[in-house]
Amino acid sequence: MRRSSSLITAMAFGYAFLYAPIVLLMVYSFNASREVSVWGGFSTKWYAELLDNDAYLNAAWLSLKIAATSATGALVLGTLAALVLVRFGRFSGRLLFNGLITAPLVMPEVILGLAMLLLFVALEDLIGWPDGRGFTTIAIAHTTIGMAYATVVVRSRLAQMDDSLEEAAMDLGARPAKVFFLITLPVIAPSLVAAWLLAFTLSLDDVVVAQFVSGPGSTTLPIEVFSSVRLGVSPQVNALGTIIVVVVAVIIGLATWLASRKKR
């Protein structure tokens with residue numbers, strides 16, 4: 001009984017430490033005062049001003065497009081890399097290939113951003129592409145980073161998959177491509193969704209790498225928020241954070257409801 005009480009108390013403090021700041025942010029998004037730390041009454045004016053803030057809206061739309069593009073590219077490349085590492089056994093250059101795949105996981109983002117910047121500058125001087133830095137360069141950089149995480153997620157699921165399912169399908173005459181699309185993909189589908197969401201979140205949240213590979217007119221939402229916060233926290237940031245938290249909570253709630261309904 002004493003152990004249960006101690007465990008509940010520790011969990012309560014842990015959850016409070018994690019979620020109390022988010023709750024305070026949501027509460028102060030309805031603050032009438034411009035001072036974010038002083039309560040001045042209930043108001044929704046900051047949401048109205050946020051909807052009129054073209055800088056935030058354009059940055060948010062650009063971030064969503066980049067995140068969706070880079071997450072999709074990272075999922076495709078990560079899945080192919082995971083298949084090579086799991087299904088092809090030991091081959092010449094496997095150790096180097098595995099090292100190149102996992103390098104972005106342990107390399108500081110400053111180094112990654114600088115390396116990407118130097119790469120794009122060198123390519124522009126040699127072949128004239130990419131012409132400046134913007135959507136394309138940010139998406140390529142985020143795809144490179146997200147691919148490493150997607151590979152880890154998909155690889156772990158492929159390693160646990162029962163090979164007899166694929167072998168039985170091929171014994172019945174199915175070609176490898178058909179086995180992959182009809183057997184392998186449905187089995188590893190949850191890991192594919194998880195990998196895509198992880199890559200999407202990493203792209204949507206990135207500041208350091210995007211600052212190196214972005215240019216004029218290609219400011220993402222994290223960079224826009226970070227730039228505005230350095231000049232003083234605006235209540236619009238609280239409103240923006242509240243909207244993001246609510247949207248994520250709704251998505252998680254729907255996913256949980258669909259999963260429980262499927263189990264029943």
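A short reminder: the numbers here are calculations on the coordinates, not readings from a lab. Since this is a predicted model, take the numbers as computed values, not measurements. In this analysis, Cβ positions are derived from the backbone assuming ideal geometry, glycine residues included, and neighbour counts consider all displayed protein chains.
Worth pointing out:
- Based on DSSP H segments of at least four residues, each scored -39500 (n - 2.57), the chain has a per-residue ellipticity at 222 nm of -25500 deg cm²/dmol.
- Protection proxy ranking, highest mean first, for peptides 154-163, 193-202: 193-202, 154-163, where packing is the per-residue count of other beta-carbon atoms within 10 Å, averaged.
- Axial C-alpha extent at least 15 Å, average Kyte-Doolittle at least -0.5 - helices from the chain (DSSP): 2-28, 54-87, 94-106, 109-127, 135-160, 189-205, 235-263
- Gain on full stretching of the segment that runs from residue 100 to residue 42 - 0.36 nm per residue minus C-alpha separation: 15.6 nm
- Gain upon complete extension [residue 107, residue 51; 0.36 nm per residue less C-alpha separation]: 16.4 nm
- Charge dipole of the stretch 44-263 (Cα centre as origin; +1 on each Lys and Arg Cβ, -1 on each Asp and Glu Cβ, all else neutral): 640 debye, rounded to the nearest 20.
- Each part reduced to its alpha carbon centroid, the stretch 1-41 and the stretch 144-183 end up 43 Å apart.
- Cβ-Cβ FRET estimate between residue 174 and residue 229, R0 fixed at 51 Å, reported to 0.05: 0.40
- Total charge dipole magnitude, the stretch 48-152, about the Cα centre, Cβ charges on Lys, Arg, Asp, Glu only, Debye to nearest 20: 800
- On the beta carbon distance between residue 12 and residue 181, with R0 = 51 Å, the FRET formula returns roughly 0.60.
- Under 19 Å from residue 45, Cα to Cα: lysines that are on another chain or at least 8 residues apart: none
- FRET efficiency, residue 64 to residue 207 (Cβ-Cβ, R0 22 Å, nearest 0.05): 0.85
- Label-to-label distance, nm, for residues given as residue 263 and residue 33 (7 Å Cα→Cβ offset): 4.5
- Separation in nanometres of the label points that stand 7 Å from Cα toward Cβ, at residue 87 and residue 247: 3.5
- Rounded to two decimals, the Cα-based Rg/Rh of the stretch 44-263, with Kirkwood Rh, is 1.04.
- Highest to lowest packing among 69-77, 211-219, scored as the average C-beta count within 10 Å: 69-77, 211-219
- Calculated on the Cα set of the stretch 104-172, radius of gyration then Dmax: 18.6, 54 Å.
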